[in-house]
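Before any comments, here is the structure.
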Amino acid sequence: MTANSSTPEKHSLLDVIRRRPGIQVFLLIFPSLFWLVLFFAIPLIIVFVYSFLKRGPYGQVVWDFNLNNYARFFDPLYLKIFARSFKIAGITTVLSLLLGYPMAYWIATRTPKWRNILLLLLMIPYWTNFLVRTYAWILILRDSGLINSLLMGWGLIAEPLPLFGNDFAIIVGLVYGWFPSVVLPCYAAIERLDFSLVEAAQDLYANEARAFFRVIFPITLPGVIAGSILVFIPSLGAYVTPDLLGGAKSVMIGNVIQSQFLSVRDIPFGSAFSFVLMVIMLGATLIYFRVGARTL
Amino acid sequence: MSTLVQERKHTRVARRGSRLGRGLRALITGSGILGFLFLYIPILILIIFSFNASRFVTTWSGFSLRWYGELFQDDAMMLALRNSLVVAVVSTLISTVFGTLVSLAMERHRFFGKLAFDALLYLPIIIPDIAMAVMLLLFFVMSKITLSLTTIIISHVAFNISFVAIVVRARLVGFDRSLEDAAQDLGANEIQTFWYVTLPLLMPAILGGALLAFTLSLDDFVITFFTAGVGSTTLPLRIYSMVKLGITPEINAISALMLMTSMTLLMLSVILQRKGGGSVADIA
């Protein structure tokens, strides 16, 4: 303000900004930088630091630097939860691919107008409320749910099928929630595929299966890998799905983090858990970018 | 030239699959249709049963608007709706302004530490909800900030800046800067150029980003769950606690309303982005 009064020019402040692009950049970046540092980077660092501390007898945090929280991952109980989470995320990824790849192929071989409509239809549910979409599966899968009451009404089964409160329900919920993100990168890869290569293979007497596995699939592999990572990441970190569709025994990493923070109140251990989860995700994301998903 | 390419592409598309056998083509078509049925049937079931007259959630006994009526009588639900709207509107306004400004810097300027900042800008999208949620909770508790609507808004802005920035940056990449040069040649200063040329051209992307942010904020459950205090229950939190207590038809009604609202907002966002020259895949 004082600098302003010393120069008689009308647009002096504007002139200062104009002459110094550094100030311009600073003004553009500052709000987001401030927010992301204060409410993202600093909390991230706090979690990292806490993961090396210890829980006191009343749930408070004791400043005693150690690696115990990370060593506790090797407790069979937590190893089992890690293994189960990886297994569920893995099965979800494979099922999403089996459903999503042919779907992507189908969409990519429609006319351009239909392709846009189908892609839009695919995207709409994907961006709607995840909680609500998970809730829909409670109505369908639980013991008195739609499938069981229909089957029992028709006299096909006497007892309700065990569709709810187990790993099966979690996998259904996760595939439902995330398989559209397999379709998009696969679609992008198939859409760019030069089909004359397929014709060449067939002219050289490759049968359909060979043409697919030796030509189409290898060329579209980057899309497949990118899509798999896009499903695997959220499935591994799932919290709502196992919480609502899984039973007491179907606990995943996300539920452990939640209970460490909100019920057990072992915040250092919860922090270590979430930090490991983040590192796994970042690793997967780096692979994703390496594969060239950005160019797809 | 582009039409020629498109035409060639089109004939290639038309020929696509024609060399595949009938069995394989049927399989592909089948899974395409099956996939869309899988995607939409649960949503349709939810919407249909929200009009069910019966108290039993999955037994149909006639059409009724009873549950929608009860919804609007439910004070807790109305408070949750109000809270959700406050959070969504405020966090969208803040994150849209911040996200747009930062996009301009990222696409048009070079500066020290840009790569690191780029990573910081992408991270909130990449890291799992649950991790971001506990880390914000820990931060608020440590800095003795009482959990309230404000903490929810702060958290929503923290992830929404990134989403707005992605949408706006996509538009800036294809931006024709000669239009700005023209304005300046005609005597406009930087502010006038920005206000009358740059901003209007960016508007579809900014609105698209804002709608995306609004939808994400309205729908967020995990991060809100951890950063909400007493009396700051939002709609997803209210739905969650109702589901935990037991399934009632009222949940179907509020769920159906939420689904239809997000779908409408998303359609709008896509239309805006297409107007702005983006494609459907941009928001993926």
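The values are calculated or read from the model by the stated rules, or taken from the named source; none is laboratory data. For clarity, every value in this text was computed on a predicted model and none was experimentally measured. Every residue, glycine among them, receives a Cβ derived from its backbone with ideal geometry; neighbour counts consider all protein chains shown.
Kindly check whether there is at least one residue in the range A:91-112 that is of a type in the set (D, E, K, R) and in a helix (DSSP H, G or I). There is no residue in the range A:91-112 that is of a type in the set (D, E, K, R) and in a helix (DSSP H, G or I).
Given the structure, is B:Gly174 in contact with a Gly (Cβ under 7 Å, 6 or more places away or on another chain) and surrounded by fewer than 16 Cβ atoms within 10 Å (Cβ to Cβ)? Before you say what the answer is, go through the steps one by one.
Working: in contact with a Gly (Cβ under 7 Å, 6 or more places away or on another chain): yes; surrounded by fewer than 16 Cβ atoms within 10 Å (Cβ to Cβ): yes.
Judged against the criteria, B:Gly174 is a match.
If you check B:Arg169, B:Arg177 for being charged (D, E, K, R) and touching a residue at least 12 places away in the same chain (Cβ under 8 Å), only one passes: B:Arg169.
Picking from B:Leu212, B:Leu218, B:Leu257, B:Leu265, which residue would you name as being at pLDDT below 85 and either under 18 Å from the mean Cα position of the chain (by Cα) or more than 9 Å from chain A (Cβ to nearest Cβ) (or both)?
It is B:Leu265.
Being in the same structural domain as B:Phe72 (by TED's automatic domain parsing), without any contact (Cβ under 8 Å) to a residue 12 or more places away in the chain and assigned to a loop (DSSP other than H, G, I, E, B): is that true of B:Gly231 here? When the stated conditions are applied, B:Gly231 does not pass them. Summed over the range B:245-254, residues that are assigned to a helix (DSSP H, G or I) and facing chain A (nearest Cβ under 9 Å) total 3.
Any residue that is under 16 Å from the mean Cα position of the chain (by Cα) and among the aliphatic types (A, V, I, L, M) - is there at least one of those in the range A:100-117? Checked the range A:100-117: no residue is under 16 Å from the mean Cα position of the chain (by Cα) and among the aliphatic types (A, V, I, L, M). For the range B:27-66, enumerate the residues that are of a type in the set (A, V, I, L, M) and outside any helix (DSSP H, G or I). Of everything in the range B:27-66, those that are of a type in the set (A, V, I, L, M) and outside any helix (DSSP H, G or I) turn out to be B:Ala53, B:Val57, B:Leu65. Of the candidates B:Ser162, B:Ser143, the single residue that is touching a Phe, Trp or Tyr at 6+ places or on another chain (Cβ under 7 Å) and polar (S, T, N, Q) is B:Ser162. For the range A:185-205, the criterion of being at pLDDT 90 or above, of a type in the set (Val, Ile, Thr) and either under 14 Å from A:Ile140 (Cβ atoms) or not in a loop (DSSP other than H, G, I, E, B) (or both) is satisfied by no residue at all.
Residues that are surrounded by fewer than 16 Cβ atoms within 10 Å (Cβ to Cβ) and of a type in the set (Val, Ile, Thr) within the range B:51-87 comprise B:Thr59, B:Val86, listed in sequence order.
A:Leu95 versus (1) more than 29 Å from B:Val164 (Cα to Cα); (2) modelled with pLDDT under 95; (3) surrounded by 13 or more Cβ atoms within 10 Å (Cβ to Cβ): which is the lone unmet condition? A:Leu95 satisfies all of (1) more than 29 Å from B:Val164 (Cα to Cα); (2) modelled with pLDDT under 95; (3) surrounded by 13 or more Cβ atoms within 10 Å (Cβ to Cβ) except (2).
Okay, residues lined up against (1) of a type in the set (Gly, Ala, Ser); (2) crowded, with 16+ Cβ neighbours inside 10 Å:
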| position | (1), (2) |
| --- | --- |
| A:Ala158 | yes, no |
| A:Val172 | no, yes |
| A:Ser181 | yes, yes |
| A:Ala200 | yes, no |
| A:Leu204 | no, no |
| A:Ile216 | no, yes |
| A:Ile225 | no, yes |
| A:Val240 | no, yes |
| A:Gly246 | yes, yes |
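Checked against the criterion of being surrounded by 18 or more Cβ atoms within 10 Å (Cβ to Cβ), aromatic (Phe, Trp, Tyr) and closer than 17 Å to A:Ser274 by Cβ, the range A:55-78 has no qualifying residue. Applying the criterion of being hydroxyl-bearing (Ser, Thr, Tyr), facing chain B (nearest Cβ under 7 Å) and assigned to a helix (DSSP H, G or I) to the residues of the range A:118-151, the residue that is nearest to the chain's Cα centre (by Cα) is A:Tyr135. Kindly evaluate B:Leu115 against the criterion of being farther than 28 Å from A:Phe26 by Cα, at pLDDT below 95, surrounded by fewer than 21 Cβ atoms within 10 Å (Cβ to Cβ) and out of contact with any Phe, Trp or Tyr (no Cβ under 9 Å at 6 or more places or on another chain). No.
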